[in-house]
1. Within segment A:67-109, work out how many residues are touching a His at 6+ places or on another chain (Cβ under 8 Å) and over 19 Å from A:P198 (Cα atoms).
2. When you scan segment B:129-139, do you find a residue that is away from chain A (no Cβ under 14 Å), among the polar types (S, T, N, Q) and in a helix (DSSP H, G or I), even just one?
3. So in segment A:94-108, with the set limited to residues that are touching an Asp or Glu at 6+ places or on another chain (Cβ under 7 Å) and surrounded by fewer than 24 Cβ atoms within 10 Å (Cβ to Cβ), which one is farthest from the other protein chains (Cβ to nearest Cβ)?
4. Starting from segment B:1-28, keep only residues that are free of Cβ contacts under 8 Å to residues at least 40 places away in the same chain and in the same structural domain as B:V61 (by TED's automatic domain parsing), then list their pairs with residues that are open to solvent by 70 Å² or more (accessible area, probe 1.4 Å) and of a type outside the set (S, T, Y) whose Cβ atoms are within a distance under 7 Å, requiring at least 6 positions of separation or different chains.
5. Pull up segment B:109-128, narrow it to residues that are among the basic types (K, R) and more than 7 Å from chain A (Cβ to nearest Cβ), then point me to the one that is least open to solvent (accessible area, probe 1.4 Å).
6. Which number in (1) over 21 Å from B:R204 (Cβ atoms); (2) buried (at least 18 other Cβ atoms within 10 Å of the Cβ) marks the one condition that B:K296 misses?
7. Among the residues of segment A:257-274, which ones are more than 11 Å from chain B (Cβ to nearest Cβ) and assigned to a strand (DSSP E or B)?
8. Could you say which residue among B:F245, B:F287 is under 27 Å from B:S87 (Cα atoms) and either buried (at least 17 other Cβ atoms within 10 Å of the Cβ) or over 15 Å from the mean Cα position of the chain (by Cα) (or both)?
There are 2 protein chains.
Amino acid sequence: MRVYFTFDPRPDLKESLLRDFPEVDFVFHKKIDAEELAKAEVIVTYGEDLDEEKIKIAEKVEWIFVASAGIEKMPAQAIAERGIIVSNVRGIHKKPMAESILAHLLSIKRALPFIYKNQQEKTWNQKTKLYELNGSTALILGPGAIGSEVGRMLQAFEVYTIGLNRSGESAPYMNETHTMDKLEELLPKADVVISILPSTKETRYLLTYEHFALMKESCIFMNFGRGDLVKTEDLIRALEERKIFHAVLDVYETEPLPADSKLWDLDNVTISPHISSRSSRYLERSFEIFKPSLRKWMKGERDLENKMDILRGY
Amino acid sequence: MRVYFTFDPRPDLKESLLRDFPEVDFVFHKKIDAEELAKAEVIVTYGEDLDEEKIKIAEKVEWIFVASAGIEKMPAQAIAERGIIVSNVRGIHKKPMAESILAHLLSIKRALPFIYKNQQEKTWNQKTKLYELNGSTALILGPGAIGSEVGRMLQAFEVYTIGLNRSGESAPYMNETHTMDKLEELLPKADVVISILPSTKETRYLLTYEHFALMKESCIFMNFGRGDLVKTEDLIRALEERKIFHAVLDVYETEPLPADSKLWDLDNVTISPHISSRSSRYLERSFEIFKPSLRKWMKGERDLENKMDILRGY
């Protein structure tokens, strides 16, 4: 059996594969290669290097393992028609992302930007206010896998968590869960508003200037979902008028954030360059999902972890 | 009954006292005043403005409420001889301090200093490593009220917690607790070493250069206890030689940290100017402890919250 990696993993991870699966022919390439594609039964990819033509060439392939969460660039139709099984590493971003969200939130509450700034200037300066996270109320837009992990951590900090999702069905680690139409009613109660919403028809420009005007002046808004949740100009206006205390952004309408964006000039925003889900353990974790799946595959089992419906996109 | 505050609290807190205790004569002064001292039955102080002479003047005083955790500057002998009851706000620092410790830890793991620096320079830069806290092992030196609160939060992040105290008796939210003589054996296992130890004969210069040499090169060392836990020159040497990854310091041998300290020049240290226990809710919390105690006092009850043995110092 032949497993074709369209990227070249870290040596220690490669070695562990070769050691654990001596009966498998592994091929590791930095670039995609037609000849290898044609011979592979299993393809392991980051999901950005396949197209219809390549699926046609890969005539023996029965399973594609995508070592990332995004599959938007995969030729879904061609894959579905062939009945190729696709599985990915869904959930792999949960912990690093939730840790980043808590890091940013606590950093603002406990004045870390102030501490770092004074250290740069080699100044001993105690003149600042430090706030506490405990006792806050957080509104989580999209309490899915990541949102619930954030909820779990927030509850450990004695934060009251309110989730908003499509169904209003109770989500894990949420003290309350409601449907999205309660948004306007709940915004004025929140000390923290966190969005981990994906980009869909319903979430595109879901938040407007008026929503920020409803938030507390002390509110921290965090967007770790997708940049088109709010029009950048609406967000900038709300920040300029200090409708909220601070915004922490990991995603933007245009990425990289343009050099001339007004956001760079504001003092009440944190600009994280869409790196919050990153982790030094990323590939390691992918392999932790891939290896048991490969073992199953070799036994003829097809109920792989994170098996997905490529046409529905999840 | 006369209650003398040797400081002037926030108007809203004063008003709530006057409203809740109409039968009490409250006096609020910014400076200590001999005439008022002589009349007071209860003194409320930050604990830094009393001496033997003043205790002599305060001939009617039966209870001193200290609105801080530190009582080192109080004339212990004179107070004990008179049998004056002393109570303080022990535990008030627990939550803000624990939040600061987690903030710093997560900030380093999730590259917040890098993010802030690039934002200052208006640069979109993704080239950094982000680490995860979960799965780490933390060694907590002094798992008392604050240390256990830190342990509770760390466990929520799936960190394995090992406490070191004098008795070795199991402390809350520690997966293991040992006596201090296990220090050398445990240091090489720790990803994070956090000290919240007070300054005593036993803890003064407890850590030396050799201890840092025993730690992992990836270790984060955090001193939130007292500055004399380690000689500054030992710490600087360990950091210069990169025996550990990073140190986060809130306390120093000399405070403020002298402008010519080499620590300012290092890139693997965070210099927090001894503000980690601060909170915008501090006085509010003090009043939450003071008011029920005052109510008890007026009923003739003397088993006040946080009643302390002034001679033993806790």
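1. Residues in segment A:67-109 being touching a His at 6+ places or on another chain (Cβ under 8 Å) and over 19 Å from A:P198 (Cα atoms): 1 in total.
2. no
3. Among those residues, the one meeting the criterion is A:K94.
4. B:D8/B:K30; B:F26/B:L18
5. The initial filter retains those residues of segment B:109-128 that are among the basic types (K, R), namely B:109-110, B:117, B:122, B:127.
The next check asks that each one be more than 7 Å from chain A (Cβ to nearest Cβ); those that pass are B:117, B:127.
Working: B:K117: 100, B:K127: 182 Å².
Only one residue tops the list, namely B:K117.
6. Going through the list (1) over 21 Å from B:R204 (Cβ atoms); (2) buried (at least 18 other Cβ atoms within 10 Å of the Cβ), B:K296 breaks only (2).
7. Scanning segment A:257-274 gives no hits.
8. Details: B:F245 fails: under 27 Å from B:S87 (Cα atoms).
Checking each option against the conditions leaves just B:F287.
The values are calculated or read from the model by the stated rules, or taken from the named source; none is laboratory data. Just so you know, these numbers come straight off a predicted model, no measurement behind them. We place every Cβ from the backbone using ideal geometry, glycine too, and count neighbours over all the protein chains shown. Only protein heavy atoms, including side chains, enter the accessible area calculation; ligands, DNA and RNA are left aside. Shrake-Rupley method; radii C 1.70, N 1.55, O 1.52, S 1.80 Å.
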